[in-house]
Amino acid sequence: MTLHPLAQGFDTIADAYERGRPAYPQEVIASLAAELRIERGDRVLDLAAGTGKLTKALLDFGLDVVAVEPQESLRGLLEVAIGSERVREGTAEAIPLEDGSVAAVTVADAFHWFEPAGALAEIARVLRPGGGVALLACAVDWGGTSSAHEVGTVIAGLRPEHPLFDGPSWQDSVKAAGGWTEPREIQLTFPEQTDAERVIDYIGSMSWMAALPQEQRTETLAHVAAIIRAGETPSELPVHVRVGLTARA
């Protein structure tokens, strides 16, 4: 399965992704576990795991996690973070796990990159009967910073057609696939320690920023960095996590 062209860009910015993207506190994992009705020791698949931001938090909670990631540079950092024995190369449309082998599947900021029908069929295959899915979407709320509007204008002006913003919703994809419970969402908010450099890395880890030609990307990030450093960045920013939930019917 060929990855979406924008998603392929993550392979070139793995370090910025690891530095800039927020970690997940245990309160988020506890809420997720309660919603999915899973307990410590249960086997969970973290799909499209990236550098392991969510994977590490799931492991810290006491879950038995296997992580699947298609891109080599991201997978390399993932293996360093959690051990190569827990990591598999694969995609959502071709999951390298046995039928009915996991109690739950988590996906952090990645479901929009999947071919939904194929991915949902594979997720259903590897889930145990009644197993649940949590689709996380994480956003740093830096709208209160002095440079937010100016930087937001720059970023929005560069964004091409994007499946998260221009494709079908995850809820519509689940309903179209059939065989799943009624999709629902919860939202959690937590504080994240940050500074100007982390905000710059966060912006640089956005898919359409990563996909820019190298010269344009360098110039754009330098411009964004100058705006941010000229303003005031709080030491703490709120992070909003929407968690989409469904289960095998």
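The values are calculated or read from the model by the stated rules, or taken from the named source; none is laboratory data. Predicted, not measured: the structure shown is a model, and the values here were computed from it. Note that we place each Cβ from the backbone using ideal geometry, even for glycine, and neighbour counts take in every protein chain shown.
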- [ ] Filter segment 153-189 for residues that are under 18 Å from Asp109 (Cβ atoms), of a type in the set (D, E, K, R) and touching a residue at least 24 places away in the same chain (Cβ under 8 Å) and give the result.
- [x] Arg159, Glu185
Open item on the list: Go through (1) outside any helix (DSSP H, G or I); (2) surrounded by 12 or more Cβ atoms within 10 Å (Cβ to Cβ) for Glu182 and report which single condition fails.
Closed with: (2)
Open item on the list: For segment 209-249, give me each residue that is more than 23 Å from the chain's Cα centre (by Cα), more than 23 Å from Gln193 (Cα to Cα) and in a helix (DSSP H, G or I).
Closed with: Gln214, Glu215, Gln216, Thr218, Glu219, Thr220, His223
TODO: Could you name every one of the helices (runs of 4 or more DSSP H) located completely within segment 94-169 that has at least 2 residues being under 29 Å from Arg217 (Cα atoms) and not hydrophobic (A, V, I, L, M, F, W, C)?
DONE: 148-158, 163-166
Task: Members of segment 185-205 found to be outside any loop (DSSP other than H, G, I, E, B) and closer than 16 Å to Thr145 by Cβ, listed by number - done: Pro191, Glu192, Gln193, Ala196, Glu197, Arg198, Val199, Ile200, Asp201, Tyr202, Ile203
- [ ] Filter segment 43-92 for residues that are in contact (Cβ under 8 Å) with a residue 60 or more places away in the chain, buried (at least 20 other Cβ atoms within 10 Å of the Cβ) and farther than 23 Å from Thr12 by Cα and give the result.
- [x] Val44, Leu45
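If the requirement is being at pLDDT below 95, surrounded by 21 or more Cβ atoms within 10 Å (Cβ to Cβ) and over 14 Å from Ala110 (Cα atoms), which of these qualifies: Ala14, Ala23?
Among Ala14, Ala23, only Ala14 is at pLDDT below 95, surrounded by 21 or more Cβ atoms within 10 Å (Cβ to Cβ) and over 14 Å from Ala110 (Cα atoms).
For segment 87-114, how many residues are of a type outside the set (Val, Ile, Thr) and farther than 25 Å from Gln187 by Cα?
As a first pass, look at segment 87-114 and keep what is of a type outside the set (Val, Ile, Thr): 88-90, 92-94, 96-101, 103-104, 108-114.
Applying the additional criterion that residues be farther than 25 Å from Gln187 by Cα yields 88-90, 93-94, 96-101.
The total comes to 11.
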TODO: With respect to Glu35, determine if the residue is crowded, with 18+ Cβ neighbours inside 10 Å, in contact (Cβ under 8 Å) with a residue 40 or more places away in the chain, out of contact with any Phe, Trp or Tyr (no Cβ under 9 Å at 6 or more places or on another chain) and assigned to a helix (DSSP H, G or I).
DONE: no
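I want to confirm something. Restricting to segment 93-109 and keeping residues that are of a type in the set (Gly, Ala, Ser) and surrounded by fewer than 23 Cβ atoms within 10 Å (Cβ to Cβ), which single residue is nearest to Leu32 (Cα to Cα)? Spell out the reasoning first.
Within segment 93-109, the subset of a type in the set (Gly, Ala, Ser) is 94, 100-101, 103-104, 108.
After this cut, where a residue has to be surrounded by fewer than 23 Cβ atoms within 10 Å (Cβ to Cβ) as well, the list is 94, 100-101, 103.
On the way: Ala94: 25, Gly100: 20, Ser101: 19, Ala103: 13 Å.
Only one residue fits best here, namely Ala103.
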Open item on the list: One residue is enough: does segment 222-244 have a residue meeting the conditions within 20 Å of Asp141 (Cβ to Cβ), at pLDDT 90 or above and touching a Cys at 6+ places or on another chain (Cβ under 7 Å)?
Closed with: yes
